[in-house]
Amino acid sequence: MQIALLGVVALVTLLSGCETDSFFNPAVVGRWEHTPVTLPILERLEVIEGEDTSSLAVTSVRPEDLIPDVREYVIGPGDLLTVTVFELVSPGLESVQTRRVDETGLIRLPIIGPVRAANLSSSELEKEIAIVLENKNILRNATVSVILQESRQNTFSVVGEPLQGGTAIGTYVIPKPDFRLLDAIALARGAPGRTKRLRIFRQTPLTAEVAGEIQPAQTSPENQPVAPAPSNPSKLIDELLEGIDESDAQAPSAPVSSKAPAAIEGGLDSSTNSPQWVFAGGKWVKVNQPVAGGATGDQIAETDELGELITQRIIEIPYDRLLDGDLRYNIVIRRGDIIRVPDPTAGFVYIMGEIARPGAYTVPGERDLTIKQLVASAGGLSQLAIPERVDLTRRIEDSEEATIRINVRSIFEGSEPDLYLKPNDLINVGTNFVATPLAIFRNGFRMTYGFGFILDRNFGPDVFGPVDTTSN
């Protein structure tokens with residue numbers, strides 16, 4: 001009896017083993033170790049998706065983003081102005097006209113005629129109108145007053161998925177210089193509850209820091225105030241970019257000039273033979289020879305000063321930390337900012353094969369659902385699952401997809417990093433020929449309160465005869 005008992009214990013120990021942590025069941029996965037482990041969660045599978053060649057670099061908050069930009073308003077097309085000229089028509093009387101700036105940037109006034117108002121402040125426009133009156137011999141030393149009635153330039157936009165009773169997408173006016181992100185979100189009726197990150201698209205002048213010469217300072221308690229940028233960034237960038245091989249660079253979305261100059265075919269002005277700046281490989285490169293294959297207007301912008309160029313900056317805000325009271329991320333909203341509020345539901349992922357509850361599952365947001373979380377949501381692996389045989393199919397283009405094998409056991413054991421799932425991902429949990437016999441073998445036994453086994457109840461009547469149902 002003791003020998004049989006020892007044999008049963010040895011068999012159970014052998015079958016359970018450290019490889020499966022179960023009674024000969026390869027579908028059981030987990031770590032169950034005392035030593036903690038820390039691993040990253042992957043966002044991309046470079047094996048099938050390739051390297052991230054996107055030129056849209058995302059930046060964090062910088063100290064200057066928290067400082068209000070107090071300056072006189074610059075008039076633009078669509079603005080409504082009230083212009084008052086003293087003694088224009090009659091002595092001792094004011095002539096008051098309310099006009100809207102047209103698409104060409106002109107404001108058309110009776111007697112005075114068209115006057116360019118775009119890119120001027122109110123005080124500058126007052127001087128411009130006085131000069132026009134004097135040049136036309138209409139009125140000398142005129143007293144002119146310009147009042148902005150309706151602003152169309154000092155605005156920001158909120159984009160995202162419109163929700164009933166939620167975020168109101170649209171364009172809003174910035175009412176004051178110290179108008180911040182939380183004010184903007186409140187004006188747009190808030191963001192979805194699961195929002196973790198916001199992105200702000202901002203046009204910014206091309207400076208030495210943007211060109212990569214100066215490393216941007218991060219906003220943290222240890223940060224000190226940032227020193228002002230050099231007065232001549234062009235010279236410093238010349239030194240930085242000297243010797244760069246332009247032939248290896250490809251020009252992704254290039255910054256554009258604020259003055260919208262004409263593009264130069266081939267990257268060089270043949271009339272002056274002057275050098276040009278090309279935004280290539282994520283950097284500004286000065287070229288003295290034509291670019292192979294010719295360049296387009298999106299690649300080259302001619303300018304006399306580097307500071308006249310503008311580029312796009314993407315600022316990522318940890319919105320959850322901002323709501324917790326970390327006001328280092330409550331940046332000032334600038335003119336022309338676009339706030340992107342992510343959709344509350346990014347899409348669906350699909351899981352099939354040897355899983356307890358196959359089907360479609362919601363991806364709650366960007367970088368939110370991992371493989372382990374999906375397996376747990378689907379009720380875990382079935383008894384026939386082989387965790388080492390799991391296929392992930394991902395769309396990499398609109399008409400192309402790629403499939404890669406994922407070792408789910410290693411992910412649960414902590415020897416391989418987990419992976420964020422993306423909308424339209426398909427998980428197929430596989431099996432093999434050994435899984436079914438093992439399941440039959442396991443299910444053929446039932447453990448008693450002691451250390452022995454009894455026959456499965458399904459075979460009980462065949463051995464012991466039919467059950468007596470007449471007795472109480």
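The values are calculated or read from the model by the stated rules, or taken from the named source; none is laboratory data. Just so it is clear, the model here is predicted, and its values are computed rather than measured. Quick reminder, even Gly has a Cβ in these numbers, built from the backbone with ideal geometry, and neighbours come from all protein chains shown. Keep in mind that these areas ignore ligands, DNA and RNA; they rest on the heavy atoms of the full protein, side chains included. Shrake-Rupley method; radii C 1.70, N 1.55, O 1.52, S 1.80 Å.
Residue by residue through region 59-75, what is 3J(HN,Hα) from phi via Karplus (6.51 cos²θ - 1.76 cosθ + 1.60, θ = phi - 60°)? Round to whole Hz and write x for glycine and proline.
The phi angles translate into 10, 8, 6, 10, x, 5, 5, 9, 9, x, 9, 8, 7, 5, 5, 9, 6 Hz.
Estimate the FRET efficiency between Ala57 and Leu93 by the formula 1/(1 + (r/R0)^6), using the beta-carbon distance for r and 56 Å for R0, to the nearest 0.05. Spell out each step's value before the answer.
Numbers: r = 58 Å, r/R0 = 1.04.
The value I calculate is 0.45.
When the Karplus curve 6.51 cos²θ - 1.76 cosθ + 1.60 is applied with θ = phi - 60°, which whole-Hz ³J(HN,Hα) does each residue of region 356-368 get, with x for Gly and Pro?
The phi angles translate into 5, 10, x, x, 9, 10, 6, 8, x, x, 5, 6, 10 Hz.
What are the residues whose amide H is under 5 Å from the amide H of Arg189, where those residues sit 5 or more places off or on another chain and H is modelled from the backbone?
The answer is Ala168.
Let me know the shape class of region 85-161, please: from the alpha-carbon gyration tensor, a ≥ b ≥ c as square roots of the eigenvalues, rounded when a/c is under 1.5, otherwise prolate if a/b is greater than b/c, or oblate. Don't skip to the end; give the middle numbers.
Numbers: a/c = 2.78, a/b = 2.35, b/c = 1.18.
Prolate.
Rounded to the nearest 0.05, what FRET efficiency is calculated for Gln149 and Arg194 with R0 set to 45 Å and r the Cβ-Cβ distance?
Working: r = 41 Å, r/R0 = 0.92.
So the FRET efficiency works out to roughly 0.65.
Test of the criteria: in region 372-434, which GluC sites (Glu not before Pro) are in a DSSP loop and have at most 16 other Cβ atoms within 10 angstrom of their Cβ?
Details: sites: Glu388, Glu397, Glu400, Glu401, Glu413; in loops: Glu388.
Those that pass, being in a loop and sparsely packed, are Glu388.
Run the numbers for Trp32 and Arg71: contour at 0.36 nm per residue of separation, minus the present Cα-Cα distance, in nm. Show your work: numbers first, answer last.
Values: separation 39, 0.36 × 39 = 14.04 nm, distance 6.10 nm.
Full-extension gain reported as 7.9 nm.
Could you check the simple spin-label distance between Leu106 and Arg405, using points 7 Å along Cα→Cβ, in nm with one decimal?
7.3
What is the distance, in nm, between label points placed 7 Å from the Cα along the Cα-to-Cβ direction at Arg367 and at Arg442?
Once both label points are built, they end up 3.7 nm from each other.
Please arrange Ser377, Ser151 by accessible surface area, largest first, computed with a 1.4 Å probe and ligands excluded.
Values: Ser377 60, Ser151 25 Å².
The ranking, largest first, comes out as Ser377, Ser151.
Rank by packing, highest mean first: peptides 433-440, 108-115, 194-201, with packing defined as the count of other Cβ atoms within 10 Å averaged across residues. Provide the component values of the computation, followed by the final result.
Details: 433-440: 13.1, 108-115: 15.1, 194-201: 18.0.
Going from most to least packed, we get 194-201, 108-115, 433-440.
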